[in-house]
Every structure is written in C-alpha cells, then in structure tokens.
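Report on one structure; see the data block that follows.
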Amino acid sequence: MNISKSRYGKYPGALLLLVLTLCVFPLALAAQSSGGSGQESDEMTATGVVTSSSPATMVVRTETGGYQLFVFDRTSTRPRTIVTGSRVRVTSVPGDEAGVRVARNVSVLSAPSTAATQAGGRRGATGAGQDPIITGSDEVAPPAVRDLERSIQRQIRRFQVGVRTGLALDPELVLLGAHAQIATGLSSNVIFRPNIEFAFGELSTLFALNFEALYRLPVSSRQARWGAYAGAGPGVNFVKQGLTRKDRNVDFDDLDTDVSLNIFGGIQNRNGMFMELKTSVYADPAPSLRVIVGFNF
C-alpha cells in the first residue's frame with residue numbers, strides 16, 4: 001500500500017519561518033522581562049574579603065558581615081586572577097535578580113594574610129586610622145548564596161550534555177533525544193549543539209542526526225535566570241512509514257532519507273531547563289514543526 005509522505009511539502013518555507021519567528025519572539029520578550037536591568041544610578045561600592053571566585057562570579061564578605069554575590073560581564077574591569085582571601089573594593093550595579101550585583105570594577109586592596117588566614121576568618125586588629133581586615137580563607141557563604149553561585153557557573157560550562165522530549169507535527173510524532181553543548185571559542189554566546197532525535201507515531205518512525213549551533217540572544221545578560229536563543233544547522237533524517245508496527249521498524253532498509261536545514265529558537269533557564277520551537281526546511285520526510293522541552297546537566 002502506498003503511504004503518503006509528510007504533507008510538509010505543501011507549505012512554503014517562508015510561512016513556516018514566519019510562524020516560528022512569531023512564536024519565539026514573545027518567549028524572548030519574556031526572558032528579557034524576567035529580571036531587572038541594573039541602572040548606573042544604583043551604582044554602589046563595597047569593601048570586603050573574597051570567599052570564592054570563578055571566571056563568572058565572585059562572593060565577597062563585606063565589612064558589615066553580609067555575603068554578596070557578584071557576576072562579571074563584558075563591561076567588568078577586574079584583575080585576571082582574584083585569590084580567595086584577598087581584600088577587594090567592588091563597584092557594582094544591580095543584576096537581573098535579587099541578591100546578585102554586576103561588578104563594574106574590582107580592585108585588590110591587599111593579598112591574603114598568612115596570620116589572618118590562621119585566625120580562621122576573624123577580624124584582625126588594625127592600627128589607628130586603618131580599615132578593619134576581614135579574612136576569608138575559612139569563610140563559607142550561606143547555602144542560598146552558594147546555590148545561586150553554582151547555578152550561574154553551570155550556565156558558562158564549556159561542555160554540557162542534555163536530554164529532550166516533545167511533539168512533532170506533520171507528521172504527528174512523539175520525540176525523544178539527547179544532545180551535547182560545546183563552546184566554540186568564536187564567542188561566549190555561540191554554542192555548537194549536535195543532537196540525535198528519535199520519534200515515533202501512528203504511521204511514521206523517524207531518526208535524525210542534527211549538527212546545529214545556537215546563539216544566545218542579547219535580550220538579557222548571560223547570567224540572567226532566563227535567556228533567549230536562536231540557531232540553525234543541517235540535519236540528516238531517516239523516515240520509515242507504514243500501517244503496522246512491523247512496517248515501521250527501523251532497520252535502515254527502504255528508508256526515506258533527506259538532508260534538511262533546521263531552524264529553532266527558545267528560552268533556557270539557568271538551572272538547565274529549556275523550551276524550544278524547531279522547524280525543518282528543504283526536507284520532505286522531516287516534521288514541519290517540533291515543540292521540545294529539555295534539560296542540560
């Protein structure tokens with residue numbers, strides 16, 4: 001019996017791209033509005049001791065005894081290396097969420113003191129007219145601050161793996177897959193994301209190899225809770241159609257095979273969860289639209 005292929009060929013690619021853009025644009029606006037943007041009028045300066053530091057974040061115990069999480073972006077001016085226990089002065093503005101500030105300028109006032117380090121984080125005695133010294137080698141920030149710091153650091157890892165699931169339309173399929181995210185070195189916002197997808201439905205079974213790259217859109221800071229992205233890349237699709245399960249077994253015999261161009265957009269939470277819309281153009285076997293939910297570990 002002749003089983004017709006996907007009806008996708010009847011729809012112009014330009015219309016699908018327009019639909020994808022209209023669907024993703026509100027998601028990008030939602031990502032942008034999910035956190036407030038720092039204003040220069042809210043700039044403040046704090047002095048304290050570094051309790052932890054990474055390429056993206058720094059936690060400082062201030063002179064008032066509190067712990068402040070700072071993040072770095074392309075506007076931050078700071079030493080190449082900030083040693084834990086150093087006493088610093090930080091000028092910052094509000095970040096995208098409560099408890100986070102964006103460092104504008106970081107100055108190291110003094111290196112860690114061996115004697116102060118042995119004191120276990122106590123305030124050291126100082127001479128007249130000198131600021132008190134807060135040691136930080138044994139300081140541990142509260143769990144809420146450490147958890148927030150780790151979630152921001154997760155977002156800038158050079159390599160991640162993830163899983164995905166979702167629904168495909170035309171033909172109607174249930175989708176499962178896995179992917180990797182690899183820093184390209186071209187830009188901190190450009191990520192190579194190869195992935196595999198397996199989908200099955202009433203009449204069709206699909207296996208796809210996709211070689212995609214994504215770009216983090218500048219609608220929010222890189223450390224924001226939600227961030228929008230868009231991307232594209234070629235895909236190789238293997239589709240088998242039939243009326244019975246036996247007809248649709250993937251044995252790589254009598255498969256419809258084609259190369260497509262995948263275009264996608266979505267939003268991703270800093271904890272790793274993401275939601276995405278994806279379409280394939282210039283391909284008959286591939287689904288016209290995929291609605292995907294996934295997680296990056």
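Read-outs: derived from the displayed coordinates by stated rules, not from any lab. All figures in this text were calculated on a predicted structure; none of them were measured in a lab. All Cβ positions, glycine included, derive from the backbone under ideal geometry; neighbour counts span all protein chains shown.
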Given points 7 Å out from each Cα along the Cα-Cβ axis, report the residue 89 to residue 165 separation in nanometres with one decimal. 5.5 nm
Cut-off is 10 Å between beta-carbons; in what order do 240, 278 appear when sorted fewest neighbours first? 240, 278
FRET E, pair residue 64, residue 113, Förster distance 22 Å, beta-carbon r, rounded to 0.05: 0.60
What is the gain in length, in nm to one decimal, between residue 236 and residue 157 on full extension, counting 0.36 nm per residue of separation less the C-alpha to C-alpha distance? 25.7 nm
Residue 105-residue 184 pseudo-label distance in nm [points 7 Å out on the Cα-to-Cβ vector]: 3.5 nm
